[in-house]
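Each remark here refers to the structure printed beneath this line.
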Amino acid sequence: MKTLIITVGTRQVGWKCKDGIVRSLGADGDRGHPQHIDQLYTQELGIERGYHSNTARPEFPWSVRHLGEQVYQQCVSQSDFSRVKLLLDDQIIAKSVRDGLDHIILWGTDQPETVTWNFRRADTLWLTELMAGNLRQLYPQIQVDVWNPVVAVNQIDAIRQEVEGFILQYALDRLSKDEAQDLTLLIQTKGSVPQIANTLEICAAALMRQCPVEQVIPVEPTPLFELDAQNNSNACISDQFNVVALGSYFWPVERERIISAWRRGDFAEAKVWLAAHRDRFEVVYKLAEHLTLVSNLELEKAFKVLRDSWLRSNAVHKLVLPNELQTWQTQLQEILSPKTTPASRYRQAWEMVVLIELATNRENWTTAFLQFAQLLERLLAIRAKTETWLTKKLIIPKDNYRGRPEDYTPGFKELIDAWLTLHKFNDTSSWYKLLDAIREKRNQLIHEGKSINETEIRSLWTKSGMPVDPKTSTVDLMMTVLETVIKKCWHPPDTLLLKSLYEWGFQQLSR
């Protein structure tokens, strides 16, 4: 869904006259332009050009405001706007309609009566009406709205308030609707007064985090006017334009912030910054959105949306190598097996390893340790259910439990004790001391709101009597524990889906 906002200036509307010449409603014999306004009054309207005063003062002649109204009334009386020509925006709108444009807002000027006619005479409110009539006739499927706020063009604060009250609110309201989540905002400000153009551009920049914003810049034809064989000056229509994503202006500044957030695994922050650069990183932006679910431990939801949406998009297929894409698809099939198997449960749980690694990269040791302890408990729980530890009496429900034995949910200590019993470790063994220390420290952090640093984590191993090589990283110490508790019942894969996606996204941003 796309909305195009055009700030209408005096140069944007032409009229195809009876002699076949297109004359501009803003060409008044100044700046080397032909005297089209005089010709339109005499040849098309059949009236003498007057003044916005009782006397013929040279600074008050009728201009765009009066002329536009007269032409508009003629179009209304004939129910035909086909002779209106869009000198700057014709090709922009035609191309945008093919690309999904569904709404056009035309912003004209209508200055209050306190402003002298020397300035008011150039107001474009009737040009917006002419453009709207022409567009509704050409594109009846498109919603076309006219916005002519009564404000002086030199009152920047008043213009800003009008923009915030209408255009900014319009965009936010439209974005709040579920069906408009893919809204793209286009702005075209060439030809309008600088105060209005600049205000709209600033407003649009403020919306970059909400939706893609593109500036459409028509290329003025060269020359602006051509002479025919009879020496009539014909207004030329622009047939070229450039499109610039507003985010591209900010990319050099924001690039390092985005890369830094991604490197830390702060996908929510990366997504916020990437919102302004979706034109070049739409795929990575969507990936950040899905990896944020992983950070929130919504793993199954993340895996499903990756499988059903992200991996199936054409944009992903254009960017990712076929063999890498096939690997991801295979990994997701294993993780989301239609029939839940021990392998699929282990596979999904093991993907949490990447969260532990990212937390240690950020030196967020408390988070890393808690995620490690949580994964340890989950792996033991999967093994207990898979190997029916309840049935084998490795776990015995507590005396006050009144439910069915098979529905009993063992606690962390019960899972650890069962594993130690299964592997014949007594309470004097280093493994008993280490796993018990991990459980106790996990409970302390949660119950007392304490924190833990890397040295304290490593001390759990040394105090338990486990051999610790100073060269072994803390992450590797954790991985050894996790791999040991599932040894012989499941073998972790060499590559992880989430780690591969994380690294791929980082590579895309670093190019």
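Read-outs throughout are calculated quantities, based only on the coordinates presented, and are distinct from any laboratory measurement. This one's a predicted model, so the numbers in the text were calculated from it and none came from an experiment. Heads up, the Cβs are rebuilt from the backbone with ideal geometry, glycines too, and the neighbour counts pull from every protein chain shown.
Put in order of Cβ neighbour count within 10 Å, fewest first, the listed residues 60, 119 become 119, 60.
Once both labels are positioned 7 Å from their Cα atoms along Cα-to-Cβ, the gap between residue 311 and residue 330 label points is 1.2 nm.
Where nothing but the Cβ of Lys and Arg (+1) and of Asp and Glu (-1) is charged, how large is the charge dipole of the chain around its Cα centre, in debye to the nearest 20? That gives the chain a dipole magnitude of about 2200 debye. Straight-line reach from residue 16: which aspartates and glutamates have a Cα under 12 Å away, not including same-chain ones fewer than 8 places off? Partners within reach: 44.
Taking amide H positions as modeled 1.01 Å from N, with prolines and chain starts lacking one, the residues under 5 Å from residue 192 and 5 or more places away or on another chain are 9.
With a Förster radius of 60 Å applied to the C-beta separation of residue 455 and residue 240, the computed FRET efficiency comes to 0.40. Each Cα pair under 8 Å and six or more residues apart adds its sequence gap; the mean of these over the residue count of region 1-141 is a relative contact order of 34 percent.
Other residues with beta-carbon under 15 Å from the beta-carbon of residue 471 carry, at +1 per Lys or Arg and -1 per Asp or Glu, a net charge of -2. Here the Karplus curve 6.51 cos²θ - 1.76 cosθ + 1.60, taken at θ = phi - 60°, turns the phi angles of region 215-220 into couplings of 9, 9, 10, x, 8, 5 Hz, with x standing for Gly and Pro.
Sorted largest first, the principal axis extents computed over the alpha-carbon atoms of region 2-245 equal 54, 41, 34 Å.
This ranking places 414, 129, 454, 448 by how few other beta-carbon atoms lie within 10 Å of each, fewest first, which gives 448, 454, 414, 129. Within region 352-493, the proportion of Cα pairs with more than 27 Å between them is 22 percent. For a straight C-alpha distance cut-off of 16 angstrom, the lysines reachable from residue 463 (same-chain residues fewer than eight places away being disregarded) are 433, 441. Per residue of the chain, the DSSP helices (runs of n ≥ 4 H) give a summed -39500 (n - 2.57) that works out to -15500 deg cm²/dmol at 222 nm. The Cβ shell under 13 Å around residue 267 holds other residues with a net charge of +1, Lys and Arg each +1, Asp and Glu each -1. Between amide H atoms placed 1.01 Å from N, distances below 5 Å from residue 22 occur with 17, 235, all of them 5 or more places distant or on a separate chain. Here the Karplus relation 6.51 cos²θ - 1.76 cosθ + 1.60, evaluated at θ = phi - 60°, turns the backbone of region 416-423 into coupling constants of 4, 4, 5, 5, 5, 5, 4, 9 Hz, with x for every Gly and Pro. In terms of the mean number of neighbouring beta-carbon atoms within 10 Å, the peptides 354-361, 160-167, 30-37 order highest first as 354-361, 160-167, 30-37. Averaging the sequence gap over all C-alpha pairs within less than 8 Å and six or more residues apart, then dividing by the number of residues, gives region 2-245 a relative contact order of 25 percent. Counting only residues at least eight positions apart within a chain, or on another chain, the lysines with an alpha carbon under 24 Å from that of residue 301 are 177, 271, 286, 339, 385, 499.
Take every Cα pair under 8 Å whose residues are at least 6 apart in sequence, average their separation, divide by the length of region 208-281, and the relative contact order is 39 percent.
About its Cα centre, the dipole of region 2-245 is roughly 180 debye, where the only charges are +1 on Lys and Arg Cβ and -1 on Asp and Glu Cβ.
Rg/Rh for the chain (Cα atoms only, Rh after Kirkwood) is 1.21.
Remark on residue 186: its backbone amide H falls under 5 Å from those of 3, 4, 5, 214, a criterion applied only to residues 5 or more positions apart or on other chains, H modelled at 1.01 Å from N. The slack in the chain from residue 480 to residue 427, taken as 0.36 nm per residue of separation less the alpha-carbon distance, amounts to 17.1 nm. Exposure proxy for 506, 372: other Cβ atoms within 10 Å of each Cβ, ordered fewest to most, give 506, 372.
Taken one residue at a time, the phi angles of region 425-431 give Karplus couplings (6.51, -1.76, 1.60, θ = phi - 60°) of 9, 8, 6, 9, 6, 5, 5 Hz. Gly and Pro are set to x.
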